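None of the figures in this text is laboratory data; all of them are computed from the coordinates on show. Source: prediction; values computed, not measured. Note that we place each Cβ from the backbone using ideal geometry, even for glycine, and neighbour counts take in every protein chain shown.
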Amino acid sequence: MMSTLAQPIGRFFVRMLTESKLKKDNIQTEKEANKTHYKIGKNIREVIAKNGGTMPEDLPTPKKSLKQLEKGKNKQLKNLKNDQ
């Protein structure tokens, strides 16, 4: 389960760090924002590699996407409600 969650969690982590840095450093231009996002992503990848983690591109691809899983879960919930 952890490997299927690692990549979206990593993307979320990079996004949150980037948003925080953009606000903290008052970064206004798109070019600087993109540069900041790239640098943070690069730093995260270096930490993963340094600590022996699995790089995102090496993680197994799930059989179903998150959207497909959510759709199936919502359908199950709807069916349960209709059965009651």
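Structural remarks
- The stretch between Lys42 and Gln84 holds 10.0 nm of extra length on full extension. This uses 0.36 nm per residue minus the Cα-Cα distance.
- Using just its DSSP H runs of length 4 or more, each adding -39500 (n - 2.57), the chain gives a mean residue ellipticity at 222 nm of -25500 deg cm²/dmol after division by all residues.
- Rounded tilt (10° steps) of 66-83 against the dominant C-alpha axis of the chain: 30 degrees
- Rounded to the nearest 20 debye, dipole of the chain from Cβ charges on Lys, Arg, Asp, Glu: 260 debye
- The local environment of Arg45, defined by Cβ-Cβ distances under 13 Å, has a net charge of +1 under the rule Lys, Arg +1 and Asp, Glu -1.
- Out-of-range pairs (alpha-carbon distance over 29 Å; input Lys21/Lys50; Lys42/Lys75; Lys42/Lys73): Lys42/Lys75; Lys42/Lys73
- Positive-end residue of Ser20, Leu66, Gln76, charge dipole of the range 2-83 with Cβ unit charges: Gln76
- Summing charges over all other residues whose Cβ lies under 13 Å from the Cβ of Leu77, with Lys and Arg as +1 and Asp and Glu as -1, gives +3.
- Cα gyration tensor, the range 20-68 - rounded (a/c under 1.5), prolate or oblate: oblate
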